[in-house]
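Remarks on the structure that follows.
The values are calculated or read from the model by the stated rules, or taken from the named source; none is laboratory data. None of the values given here were measured: they were computed from a predicted structure. Please note: Cβ atoms are built from the backbone with ideal geometry, for glycine as well, and neighbour counts cover all protein chains shown. These area figures cover heavy atoms from the full protein model, side chains too; ligands, DNA and RNA do not enter into them. Shrake-Rupley method; radii C 1.70, N 1.55, O 1.52, S 1.80 Å.
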Amino acid sequence: MTYLDFSRLDALDSAAFRATKPYPWVNPAACLTDEGFRELRATLPGVDQFTRIFGKARSHGQQSHDRLALEYDETMELAKPWRDFIAELESDRYARFLRRMIGRGNLSISFHWHYTPNGCSVSPHCDAMHKLGSHIFYFNTEEDWDPSWGGETLVLDDHGRFDPKSAPSFEDFDSAAASNSLGNQSLLFVRGESSWHGVREIRCPADRFRKVFIVVINDRLRLAAKDLWARVRGKRAAAY
């Protein structure tokens, strides 16, 4: 079976995408096949595989992005549907889709899962400079998630007022567009100096999580430079 619905990806208008304000973003439905979405959702990694990241200091005074995180590694234990899906994401065809939409070459991709529990949020931020963008796949449905609990990614517009090395609150922005995040939905956006986005504090039962899988689209040269600098300091650079 296949997981990505390439007919839907190929139908996306790259020129319209790049012209979108306040920065390029699109929130298409059903970029996964129906069967593929069901298989991936049924075989998501277990919570016990994740690392708790809470209270980690962020640059520029921004609030910590508290969550459970799992970074993909080809040696990790992973269900077959996810291995097959990631193989599609690593294919030439998906790479061509990204290059067409973003209008850039020389990119590389990495993957991670985030499960976010009650009381946590993603404060407004612009991504690191080595990133060209992200493709977020959402894995909550009405079977396990109430829309009133939150979880939508907000595309925030400051009309260029804020320095990306600052820490504005959600209330400081002129407008916020909420992504559709229930069911077979995804969000693709391009990183820029004003590509502010975030997720308001989640209010859900203690046994529920906001579940997303993220394709991180990196500038290959900038990521290599970041990784080299991290190695010089005896650390390992995360690709997100």
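Quick one: if you take sqrt(5λ) for each eigenvalue of the C-alpha gyration tensor of region 1-76, what semi-axes come out, biggest first, whole angstrom?
29, 24, 10
Per residue, what accessible area does region 38-187 have, given a 1.4 Å probe and all protein chains present, in Å²?
Per residue, region 38-187 has 47 Å² of solvent-accessible surface.
Among L188, T2, S64, which residue has its Cα furthest toward the positive end of the charge dipole of the chain, with +1 on Lys/Arg Cβ and -1 on Asp/Glu Cβ?
Positive-end residue among those listed: S64.
Which residue, G183, G105, G198, has the most motion in a Gaussian network model of the chain that connects Cα atoms within less than 10 Å?
G105
Please report, for the Cα atoms of region 91-221, the Rg to one decimal and the Dmax as a whole number; what are they, in angstrom?
15.3, 43
Around Q185, which amide H atoms from residues at least 5 apart in sequence, or from another chain, sit under 5 Å from its own amide H, with H modelled in the peptide plane?
Long-range HN contacts for Q185: A30, Y138.
If you take the square roots of the eigenvalues of the alpha-carbon gyration tensor of region 51-159 and sort them as a ≥ b ≥ c, do you get rounded (a/c under 1.5), prolate (a/b over b/c) or oblate?
Here region 51-159 falls in the oblate category.
Do the alpha carbons of any pairs in K56/K211; K21/K56; K56/K165; K165/K211; K131/K211 sit beyond 25 Å of each other, and which pairs?
K21/K56; K165/K211, as the Cα separations exceed 25 Å there.
Once every DSSP H run of n ≥ 4 in the chain is given -39500 (n - 2.57) and the sum is divided by its residues, what mean residue ellipticity at 222 nm do you get, rounded to the nearest 500 deg cm²/dmol?
-6500 deg cm²/dmol
Convert each backbone phi in region 166-176 into a coupling constant with the Karplus relation 6.51 cos²θ - 1.76 cosθ + 1.60 (shift: θ = phi - 60°), then list the ³J(HN,Hα) values in order as whole Hz, x for Gly and Pro.
Each residue of region 166-176 in turn: 9, 9, x, 8, 4, 5, 7, 8, 6, 7, 9 Hz.
Could you give each residue of region 53-64 its phi-based ³J(HN,Hα) in whole Hz, using Karplus coefficients 6.51, -1.76, 1.60 with θ = phi - 60°, and x for Gly or Pro?
Whole-Hz 3J(HN,Hα) from phi for region 53-64: 10, 9, x, 6, 5, 10, 5, 6, x, 6, 4, 4.
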